[in-house]
Amino acid sequence: MNRVFVAATLLGVLTFPLSLRADSPPSAERGRELLLTKSYVPPLWTARAYANIAQQWPSSSTELSFEERLRERYGLHPAPYPNNNLPMGLRYDSFLGIRGLAIDCMLCHGGSIGGKSYVGLGNTSLDLQALFEEFTKADGRRHLLPYQMCNTRGTNEAGATSVFLLSHRNPDLNLQRKAYDLKLKDDLCEDVPAWWILKKKRTMYYTGGADVRSVRSIMQFMMSPLNSPQVFQSREVDFRHIQAYILSLEAPKYPHPINRELAQQGEKLFLTHCASCHGTYGENPTYPNRIIPIDEIGTDRKRFDGISYAFGEHYNRSWFAQERPGWFLDEYQVRATPGYQAPPLDGIWATAPYLHNGSVPTLEHLLNSKSRPKVFTRSFRTDWDAYDTQAVGWKVQEVDPRSITPQDPIERRKIYDTSQPGRSNTGHTYGDVLSDDERRAVIEYLKTL
Ligand code: HEC
Ligand code: HEC
């Protein structure tokens, strides 16, 4: 063998760990700071759009301030960190010297409950479609995306966004004029998962198709056409810190009284009926990381079917899946799985509505499949008035399907109609065998997680 080659290889092997050490180790604190202060996507709108946005709203004689109306119209939440008076998810940033309005992770991953905002709580109030359409219009442009970003308020089509944006990129992430056909679908109806459960998971996203250790996977959100391949490379270090921050988050504790005796009875039932999939909690927690085949779990399958094999193949050829090249086989490829991952249930009291498509408003409905409402709406507020401490989840009002006539799309998206694609609330019938009393005990136990 060529001696120079051997020397070079040896040198490579010897210096590789050194070059790793040259990066500062991932720091949750640094990650938090980066996440809350830095933009990773150039502004989508000029500052003028923000100044003019109220012209897009129906006139009203409310007492609410401009900021309150903005939050209510789109489902945004006050920022629990300095953000220039903007709600979580929006921020000012400049591109080529022009100041504009950008979005960040907290648009979807920042929520509130009981009047308190949390980074890492999924935003279940958001109407992403209205926000994009109206800000773009307020900027004097037309919203031209070829897919819906949200079909029903509180859920979004983040999967479609990834598929759409990746279809315009070559494997090296250079922009590609003619899009790849990655089978774009916009009826996946995704509820945003809480970030604090990630630390228990080995695989992430609803089907468990990606490796939790992958930093590049969570950089998909950066695929604005204005970000070049070099920008992705230079931000990877930041995202190591951001990942460390996400992995450091803890679920908030249930803030109302809990009946401890009843919860103890519930724990026994949980161990019999639920723990094999969702794990155990308390002192020495276990989590089995199980993915349940789609026909067995029986929940809506549009999310399962909606990310195509073509997308997976293209993703696996791309920069996103070439993490740590040459280091064993750790490339963090995505893979097809048989169904949905049973998630950890830490902080489950705070993350209604339930299931991957947000189709079940409360834990009581989740544990009694026959009681689940079929067509319903809610206030999309997140104060205690909107929350049901008995059933644990959001208060909803059932809607007579015959009363849904063509109307303002914003109003229509406030109605969750389970007969629509991606929105069925069947399946996960494991609570049906329990009596009403037993269900109450399990719910009391779930409040303690
Ligand atoms: C448009 C809304 C939206 C934005 C913006 C967004 N996400 Fe997400 N995120 C989602 C949705 C929806 C899912 C669930 C995807 C699925 O499996 O279908 C998700 C999943 C995740 C997960 C996996 C969670 C789990 O338990 O499996 C991580 C980690 C994550 N996002 C990080 C980020 C980061 C970091 C950013 C910003 C750089 C970001 N997201 C921006 C909507 C969003
Ligand atoms: C055979 C495995 C299995 C069993 C047993 C099981 N679950 Fe699940 N559970 C799942 C899967 C898979 C999901 C995700 C389904 C989806 O999102 O479509 C889920 C989802 C949930 C959710 C919603 C999580 C969220 O964030 O929206 C809750 C709450 C839950 N289960 C509680 C329970 C309770 C309580 C029991 C026992 C009565 C139980 N589960 C039994 C597999 C199981």
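Kindly indicate whether G159 is assigned to a loop (DSSP other than H, G, I, E, B) and either within 16 Å of ligand 1 (Cβ to nearest atom) or touching a Ser or Thr at 6+ places or on another chain (Cβ under 9 Å) (or both).
no
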Would you confirm whether any residue within region 326-334 is in a loop (DSSP other than H, G, I, E, B), modelled with pLDDT under 95, at positive phi and within 16 Å of ligand 1 (Cβ to nearest atom)?
-> yes
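Counting only residues that are assigned to a helix (DSSP H, G or I), farther than 19 Å from L34 by Cβ and either within 15 Å of the chain's Cα centre (by Cα) or more than 16 Å from ligand 2 (Cβ to nearest atom) (or both), how many does region 199-247 have?
Filtering region 199-247 for residues assigned to a helix (DSSP H, G or I) gives 199-200, 216-222, 229-247.
Narrowing further to those that are farther than 19 Å from L34 by Cβ: 200, 229.
Cutting the leftovers down to either within 15 Å of the chain's Cα centre (by Cα) or more than 16 Å from ligand 2 (Cβ to nearest atom) (or both) gives us 229.
Of the residues in region 199-247, 1 are assigned to a helix (DSSP H, G or I), farther than 19 Å from L34 by Cβ and either within 15 Å of the chain's Cα centre (by Cα) or more than 16 Å from ligand 2 (Cβ to nearest atom) (or both).
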What is the residue count in region 21-32 for residues that are surrounded by fewer than 15 Cβ atoms within 10 Å (Cβ to Cβ) and not in a loop (DSSP other than H, G, I, E, B)?
-> 3
Answer yes or no: is there a residue in region 417-432 that is surrounded by 16 or more Cβ atoms within 10 Å (Cβ to Cβ) and assigned to a helix (DSSP H, G or I).
-> no
Among (1) more than 30 Å from A102 (Cα to Cα); (2) surrounded by fewer than 18 Cβ atoms within 10 Å (Cβ to Cβ), which single condition is R213 missing?
-> (1)
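In this structure, does N357 turn out to be in a helix (DSSP H, G or I) and not charged (D, E, K, R)?
no
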Any residue at all in region 165-186 that is touching a strand residue (DSSP E or B) at 6+ places or on another chain (Cβ under 9 Å), crowded, with 17+ Cβ neighbours inside 10 Å and among the small types (G, A, S)?
-> no
Is it fair to say T382 is away from ligand 2 (no atom under 16 Å from the Cβ), free of Cβ contacts under 8 Å to residues at least 40 places away in the same chain, among the polar types (S, T, N, Q) and out of contact with any Asp or Glu (no Cβ under 9 Å at 6 or more places or on another chain)?
-> no
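Mind checking which residues of region 123-135 are closer than 17 Å to S379 by Cα and buried (at least 23 other Cβ atoms within 10 Å of the Cβ)?
Matches in region 123-135: N123, T124, L126, D127, L128.
Going through L226, L249 one at a time, which residue ends up being among the hydrophobic types (A, V, I, L, M, F, W, C) and in contact with a helix residue (DSSP H, G or I) (Cβ under 6 Å, 6 or more places away or on another chain)? Give the steps one after another, and end with the answer.
Details: L226 fails: in contact with a helix residue (DSSP H, G or I) (Cβ under 6 Å, 6 or more places away or on another chain).
On inspection, the qualifying residue turns out to be L249.
Return yes or no: is Q220 touching a helix residue (DSSP H, G or I) at 6+ places or on another chain (Cβ under 6 Å) and either more than 15 Å from ligand 1 (Cβ to nearest atom) or among the basic types (K, R) (or both)?
Details: touching a helix residue (DSSP H, G or I) at 6+ places or on another chain (Cβ under 6 Å): yes; either more than 15 Å from ligand 1 (Cβ to nearest atom) or among the basic types (K, R) (or both): no.
No: the conditions fail for Q220.
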Exactly one of (1) touching a strand residue (DSSP E or B) at 6+ places or on another chain (Cβ under 8 Å); (2) within 15 Å of ligand 2 (Cβ to nearest atom) is unmet by W196. Its number?
-> (1)
Quick one: how many residues across region 187-200 are more than 6 Å from ligand 1 (Cβ to nearest atom) and out of contact with any Phe, Trp or Tyr (no Cβ under 7 Å at 6 or more places or on another chain)?
-> 8
Output the number of the condition that G140 fails; it satisfies all remaining conditions of (1) closer than 18 Å to R32 by Cβ; (2) surrounded by fewer than 19 Cβ atoms within 10 Å (Cβ to Cβ).
-> (1)
Taking G306, is it of a type outside the set (K, R), at pLDDT 95 or above and within 21 Å of the chain's Cα centre (by Cα)?
-> yes
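Out of Y92, Y81, report the one residue that is surrounded by fewer than 23 Cβ atoms within 10 Å (Cβ to Cβ), within 16 Å of ligand 1 (Cβ to nearest atom), free of Cβ contacts under 8 Å to residues at least 60 places away in the same chain and among the aromatic types (F, W, Y).
Working: Y92 fails: within 16 Å of ligand 1 (Cβ to nearest atom).
None of the others qualify; the one that does is Y81.
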Can you run down the residue pairs with Cβ atoms below 7 Å, 6 or more apart or on separate chains, where the first is in region 284-307 and free of Cβ contacts under 8 Å to residues at least 12 places away in the same chain and the partner is more than 12 Å from ligand 1 (Cβ to nearest atom)?
-> T286/G279; T286/T280; R301/I294
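The values are calculated or read from the model by the stated rules, or taken from the named source; none is laboratory data. For clarity, every value in this text was computed on a predicted model and none was experimentally measured. A quick note on method: Cβ atoms are made from the backbone with ideal geometry, for glycine too, and the neighbour counts reach across all protein chains shown.
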